[in-house]
């Protein structure tokens, strides 16, 4: 099967969040299975600085209303089937960041990703690629299904191509002023309730939902949640009209990349049958974070510091948590409000609370391997990667029962001693603390907690299983277009 994965970011080339992990791991698994799969990415400045790329010698023009921009195609290697292609357009992508700076989003993001969506199709034409599947990811690729069906439908390259649109987080939709229609290269007839119009603005995600053959989210629970008014972000009505075409495919985690038995970032290696290394990792984490009390349980957060992630609950619970005798470790960056609030706790409680603003892969791995519990009290969580890595490394999740957290964490039952984490339902501090109390009760029984840690590490959320689900989804999409 010839698969093109269109994603604005993917590991190992460029990453700002979990989307990059998903796109890169899915590609890796497909190619391991022998599929003819490739990524198509914008050529950002950071990629050019870190990777030696092959110039394919192919270029194309993309007219977008008054703009006529040129794209040039580079490849990850000189091969008939490279892992990735990169679209060079220095005016749009040769910048230090992907979507914006700390001061805000780039003002021309509508132009940048309208160009990218059309340029993916132009890349296929320039390289004579006839994809069976184009797999679009998030709003940055939202116009691609529309372009393919409305502007490129007569091209024989795409006559039997099925398009799948993955919604990684419906909270980010690519909404722009209606004046930015001029950047899309589309006529104003597409600015309508049945097109891009969204409360007198334009919405790239909406276009993808309308025109893709099939749509999926990154967990089954999230697929059900986004058709509700509470979590539909204004698109729930549209999604309900496409309910028969909407699927949930749970993300996986790369078991080769995230393996505590071989991870070079860790102070000591370990697995479910030999946990002495995990105890060494906890000691190393305490030393590095300058925390006291080896017997105190460590509750950790590795996350984007945003309101979606439930950091307001964590902040409101800090004093009570410390009173229960726990240490707290937080790593992440995001909203300035949380930077200041959480850093204030670290200053107030030295030796008990550690907060690192930013992201450090080595430290993140050390936290997963050394923490006893992993906090994810999210308002909503399409899938979540943190809890999957935490389970792999034996940090027991304490999380809200929403989205992918509900699909991956089995609430621990002290009677049957079954489960791999602790869940709560209401988005309140008291509900969070109730789950913490149950977690601490398990921690106080060394035998029971050891059993819980080992059970967590046995959970299988490998990409092999997830890729199989995507393969079935692709087959359904191909049947839809008669291929």
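The values are calculated or read from the model by the stated rules, or taken from the named source; none is laboratory data. If you're wondering where the values come from, they're calculated on a predicted model, not measured in any experiment. We place every Cβ from the backbone using ideal geometry, glycine too, and count neighbours over all the protein chains shown.
A few comments on the model shown:
- Strands (runs of 3 or more DSSP E) fully within the range 133-191 counting 2 or more residues that are in contact (Cβ under 8 Å) with a residue 24 or more places away in the chain and buried (at least 21 other Cβ atoms within 10 Å of the Cβ): 133-137, 162-167
- Of all residues making up the range 206-230, the number that are under 16 Å from the mean Cα position of the chain (by Cα) and either farther than 29 Å from residue 409 by Cα or part of a loop (DSSP other than H, G, I, E, B) (or both): 2
- Scanning the range 103-121 for any residue that is farther than 22 Å from residue 180 by Cα and assigned by TED's automatic domain parsing to the domain that holds residue 471 turns up nothing.
- Residue match in the range 418-432 (condition: without any contact (Cβ under 8 Å) to a residue 40 or more places away in the chain, surrounded by fewer than 24 Cβ atoms within 10 Å (Cβ to Cβ) and part of a helix (DSSP H, G or I)): yes
- Selection over the range 192-205 of residues that are in a loop (DSSP other than H, G, I, E, B) and over 16 Å from residue 149 (Cα atoms) gives a count of 4.
- Selection within the range 283-334: residues that are in contact with a strand residue (DSSP E or B) (Cβ under 6 Å, 6 or more places away or on another chain) and farther than 20 Å from residue 399 by Cβ. The member of this set that is surrounded by the most Cβ atoms within 10 Å (Cβ to Cβ) is 289.
Let's see how each residue does on (1) under 24 Å from residue 466 (Cα atoms); (2) more than 17 Å from the chain's Cα centre (by Cα):
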residue: 324; (1), (2): no, yes
residue: 338; (1), (2): no, yes
residue: 343; (1), (2): no, yes
residue: 358; (1), (2): no, yes
residue: 365; (1), (2): yes, yes
residue: 383; (1), (2): yes, no
residue: 393; (1), (2): yes, yes
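- Condition check for residue 379: at pLDDT 95 or above, more than 18 Å from residue 442 (Cα to Cα), part of a loop (DSSP other than H, G, I, E, B) and under 19 Å from the mean Cα position of the chain (by Cα): yes
- Flag if residue 464 is over 24 Å from residue 279 (Cβ atoms), surrounded by fewer than 17 Cβ atoms within 10 Å (Cβ to Cβ) and under 21 Å from the mean Cα position of the chain (by Cα): yes
Residues are listed down the side, and each one gets a yes or a no for (1) surrounded by 18 or more Cβ atoms within 10 Å (Cβ to Cβ); (2) over 23 Å from the mean Cα position of the chain (by Cα):
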site	(1), (2)
19	yes, no
75	yes, yes
92	yes, yes
99	no, no
106	no, no
109	yes, no
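- Yes/no for residue 195 being under 25 Å from residue 470 (Cα atoms), surrounded by fewer than 24 Cβ atoms within 10 Å (Cβ to Cβ) and assigned by TED's automatic domain parsing to the domain that holds residue 26: no
- Residue 264 vs. criteria crowded, with 20+ Cβ neighbours inside 10 Å and either free of Cβ contacts under 8 Å to residues at least 40 places away in the same chain or not assigned by TED's automatic domain parsing to the domain that holds residue 152 (or both): no
- Filter pass, residue 464 being assigned to a helix (DSSP H, G or I) and either modelled with pLDDT under 95 or touching a strand residue (DSSP E or B) at 6+ places or on another chain (Cβ under 8 Å) (or both): yes
- On inspection, residue 352 passes the criterion of being more than 30 Å from residue 461 (Cα to Cα) and buried (at least 18 other Cβ atoms within 10 Å of the Cβ).
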